[in-house]
Amino acid sequence: MCEGFPCLLNLLKQGFAQWPGFSHEALRVLALRQPVADDLRFLAATLKLIIDLERVGDEALNIAERAVGGRCAGANLVRADLESMAEEAQDMLRDALRAFVEGDAARAERVLVRDDGVDRQCGAVITTMCGYIAKEGDAAGGLRVVRVAKYLERIADHATNLAEEVIFMVRGDDVRHRHAAGAREAPRQPRPLEG
């Protein structure tokens, strides 16, 4: 049985193959080792990461269910947007996880600024599909496509949540909900931590 922070990092690098053990180990370290400062931030971020990754899995399942739920001719109107959103959401998630494993706040900040692009694409898909529904009357098919776009947008949001946790874990800087008029603040310079 592995113990402590080296065990948690090893489980992260294995791609969560031992997911239940990972969560259990994080809670065990929290309860028995009484971590402080950066170790405590690491554990808090780890536990939040588990929740966001589980939600990403839920969104992926929702997308798969919509994909087998029937065809929609209107999907061809937004196919390129959906493919682009899917690629960007996956890349954001991959970069957020890499930032977590490597403790790379700069990489995490680059994930944050990409979320707005996915949001804009989602809005464009919704607008296009509303026009399709109004013109063709295929509400069921059009809404199925809109839901897929929303699920992809949510995956990008979960990647953003992970990136925010990485920044907090590395620098102790809480960047959640920092935007002016819908845009995120420019990345901040790292500040030294005590402890």
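The values are calculated or read from the model by the stated rules, or taken from the named source; none is laboratory data. It should be emphasised that the depicted structure is a prediction, and the values quoted were computed from it without experimental measurement. Here the Cβ positions follow ideal geometry from the backbone for every residue, glycine too, while neighbour counts run over all protein chains shown.
Set side by side, the residues R114, R98, R176, R94 differ, and just one is within 21 Å of R55 (Cα to Cα), outside any helix (DSSP H, G or I) and either among the hydrophobic types (A, V, I, L, M, F, W, C) or without any contact (Cβ under 8 Å) to a residue 60 or more places away in the chain (or both), which is R176.
Under the condition of being at pLDDT below 75 and among the aliphatic types (A, V, I, L, M), the residues counted in the range 25-56 number 8.
Residues that are closer than 16 Å to D174 by Cβ and among the charged types (D, E, K, R) were ranked within the range 39-51; the one that is surrounded by the most Cβ atoms within 10 Å (Cβ to Cβ) is R41.
Just checking, which of R171, R79, R154 is modelled with pLDDT under 95 and under 17 Å from I63 (Cβ atoms)?
On the way: R171 fails: under 17 Å from I63 (Cβ atoms); R154 fails: modelled with pLDDT under 95.
The conditions single out R79.
Just one of the numbered conditions (1) buried (at least 20 other Cβ atoms within 10 Å of the Cβ); (2) in a helix (DSSP H, G or I) is not true of L143: (1). Against the list (1) part of a helix (DSSP H, G or I); (2) in contact (Cβ under 8 Å) with a residue 24 or more places away in the chain; (3) surrounded by fewer than 19 Cβ atoms within 10 Å (Cβ to Cβ), the condition A73 fails is (1).
Restricting attention to the range 45-70 and to residues that are of a type in the set (V, I, T) and in a helix (DSSP H, G or I), the residue that is farthest from A86 (Cα to Cα) turns out to be T46. Answer yes or no as to whether A149 is out of contact with any Phe, Trp or Tyr (no Cβ under 9 Å at 6 or more places or on another chain), buried (at least 18 other Cβ atoms within 10 Å of the Cβ) and modelled with pLDDT of 90 or more. Yes; evaluated as a whole, the condition is true for this residue.
Determine which member of the set C130, C122 is surrounded by fewer than 19 Cβ atoms within 10 Å (Cβ to Cβ), part of a helix (DSSP H, G or I) and either modelled with pLDDT of 95 or more or in contact with a strand residue (DSSP E or B) (Cβ under 7 Å, 6 or more places away or on another chain) (or both). Steps first, answer last, please.
Values: C122 fails: surrounded by fewer than 19 Cβ atoms within 10 Å (Cβ to Cβ).
Only one candidate qualifies: C130.
Taking each residue of the range 147-167 that is over 18 Å from R110 (Cα atoms) and in contact (Cβ under 8 Å) with a residue 24 or more places away in the chain and looking for partners that are part of a helix (DSSP H, G or I) and among the charged types (D, E, K, R) with beta-carbon atoms closer than 8 Å, six or more apart or interchain, yields R147/R66; V148/R66; A149/D81; Y151/E59; Y151/R66; L152/E59.
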